[in-house]
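The values are calculated or read from the model by the stated rules, or taken from the named source; none is laboratory data. A quick note: this is a predicted structure, and the numbers were derived from the prediction, not measured. Here the Cβ positions follow ideal geometry from the backbone for every residue, glycine too, while neighbour counts run over all protein chains shown.
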Amino acid sequence: MIAQTSLMAFTMIQPTIGKQEQTVYDYIKLNPACWRRLIAKDLNLPLQSVCGRVNSLIKKSLVFESGTVRDIKYDTMVKCLYVTVNNKRW
C-alpha cells in the first residue's frame with residue numbers, strides 16, 4: 001500500500017502539461033521516431049506550435065531526441081522523437 005503522503009508528493013512533482021502538449025505527447029507515444037514537421041502535418045497544427053510544445057516536453061524530460069531520418073518531402077535530415085519511460089531514455 002502506498003502512503004497518502006507519498007502519493008501527494010508524487011503528484012506535486014509530476015510535470016503538468018497543457019492540452020496541446022498532451023496532444024503532441026500522445027502522438028509521439030503512438031508514433032515513435034516521428035519528427036516535428038510530421039506531427040504538425042498529421043495533427044493539422046502550425047509547425048511553430050508543435051516546435052514549442054516539443055521543446056517544452058523535452059525540458060520536462062517527457063520526450064527526447066535520438067537519431068535522425070531523412071524527410072524525403074523536404075530533403076532534410078530530421079531528429080527522431082521518443083517518449084521517455086520512467087524518466088529514462090530506452
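Overview of results
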quantity: Condition check for Y74: hydroxyl-bearing (S, T, Y), touching a residue at least 24 places away in the same chain (Cβ under 8 Å) and out of contact with any Phe, Trp or Tyr (no Cβ under 7 Å at 6 or more places or on another chain); calculated: yes
quantity: From L81, L45, L57, residue being of a type in the set (A, V, I, L, M), at pLDDT 95 or above, under 22 Å from T16 (Cβ atoms) and in a strand (DSSP E or B); calculated: L81
quantity: Segment 17-42, residues that are in a loop (DSSP other than H, G, I, E, B) and of a type in the set (V, I, T); calculated: I17
quantity: Single condition A9 does not satisfy, out of (1) surrounded by fewer than 16 Cβ atoms within 10 Å (Cβ to Cβ); (2) at pLDDT 85 or above; calculated: (2)
quantity: Residue in segment 40-57 that is exposed (fewer than 12 other Cβ atoms within 10 Å of the Cβ) and among the β-branched types (V, I, T) present; calculated: no
quantity: Those residues of segment 24-35 which are farther than 20 Å from I72 by Cβ, surrounded by fewer than 19 Cβ atoms within 10 Å (Cβ to Cβ) and either touching a residue at least 24 places away in the same chain (Cβ under 8 Å) or in contact with a Pro (Cβ under 7 Å, 6 or more places away or on another chain) (or both), in sequence order; calculated: K29
quantity: Unmet criterion (only one of (1) touching a residue at least 40 places away in the same chain (Cβ under 8 Å); (2) touching a Lys or Arg at 6+ places or on another chain (Cβ under 9 Å); (3) surrounded by 15 or more Cβ atoms within 10 Å (Cβ to Cβ)) for P15; calculated: (3)
